[in-house]
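To start, the structure under review is shown below, and the notes come after it.
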Amino acid sequence: MNVHEKIFVAGHRGMVGSAIVRQLSKQGYKNIVTRSHVELELTDQAAVRTFFQTEEVDRVVLAAAKVGGIHANNIYRADFIYTNLMIQSNVIHQAFKAGIKDLLFLGSSCIYPKFAPQPMKEIDLLTGILEPTNEPYAIAKIAGIKMCESYNRQYKTSYRSVMPTNLFGPGDNYHLEKSHVIPAMLRKYHLAKLAMEGDVEAIIRDELIYGKIPKDICRAIGYSAETKTLDKNHRPKVILWGTGAPRREFLHVDDMAAACIHVMELEQSHFEGDNPSFLNVGTGRDNTIRETAELIAGLVDYHGETVFNSEQPDGSPRKLLDTGRINTLGWKPRLGFREGLAGTYQAYKRAGES
């Protein structure tokens, strides 16, 4: 890579895409191409073809995807598999047709079997059944990996893939029906704290910025979305899905962006022969959901009740990536979990106070 390359970052408004643009800019890359959803619909094959025919792009970073937490993945199954398959197929194939040799595809750790050995190695892909709640999304991501791998083998391209663990950080989605676990927890604890303090104005601002507060969470904190009032006789609480026992690994998005650039700069020989065409990206450390909740509650300064609803699904019992391969190739995360969470919460609050 060199700073004069023309790099198309698909999905630059998302949490990961925006972090990659920040990292590229920080490292001196000035020729970064972006398109909003309105400017370029990535599920539209003709539009994507025209884009690559008219833009002389040297490299592609495919960070665009339809994403969500366990609830969204389980409910909008057709949307997740269709949208992601269309985006991937259009971008990867049309990039190839335009003669672009270098591409980075962003996957997800949910590609691994539900009961894969822990920590999960790259070679564990396709060795068992997937977690049912996010199976359509996982299948789409597996297809993306295999598409890149197949183009490499047939056409000698350098299409690489990275499989990040659970990500969090600036630019995350805090909509409580679509968010991942960290932003969902941060917002739930923050709202419960505001309710305990009787700060209804702050709750109203939060709803304007981050989206509608679902009815079950309104009930949990004693807030009426219709009348914009708090029940003074109700003691707010936080309700979380599952038992709290599953273990999860979390990586700050700025570390993920740095890893993406590092992988793009590696020699092609690291992805040839018996080497898998993709790399795990994570911290190599995990916590239970309960431990994570306790950490977030402390950062938010919430001292009320937390209830784990065991009637809701836990998802996979554990998801820890083996990051030995990317560590050997020279990359390790910089931010600690608590440090990253604290900065993320401060950014969340600043947006709510502005």
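No lab work stands behind these numbers, since they all come straight from the coordinates. Everything numeric here is computed off the predicted structure, so don't read it as measured data. As a convention, Cβ positions derive from the backbone with ideal geometry for all residues, glycine included, and neighbour counts pool all protein chains shown.
Values for this structure:
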item	result
Answer from 62, 126 - the residue that is without any contact (Cβ under 8 Å) to a residue 40 or more places away in the chain and either within 17 Å of the chain's Cα centre (by Cα) or at positive phi (or both)	126
Number of positions in region 296-328 that are part of a helix (DSSP H, G or I) and either surrounded by fewer than 16 Cβ atoms within 10 Å (Cβ to Cβ) or of a type outside the set (A, V, I, L, M, F, W, C) (or both)	5
Search result, residues across region 255-295 that are in a loop (DSSP other than H, G, I, E, B) and of a type in the set (A, V, I, L, M, F, W, C)	266
Selection within region 24-44 - β-branched (Val, Ile, Thr) and under 24 Å from residue 254 (Cβ atoms)	32, 33, 34
Test: residue in region 170-178 that is buried (at least 20 other Cβ atoms within 10 Å of the Cβ), in contact with a Phe, Trp or Tyr (Cβ under 7 Å, 6 or more places away or on another chain), in contact (Cβ under 8 Å) with a residue 40 or more places away in the chain and under 22 Å from residue 134 (Cα atoms)	yes
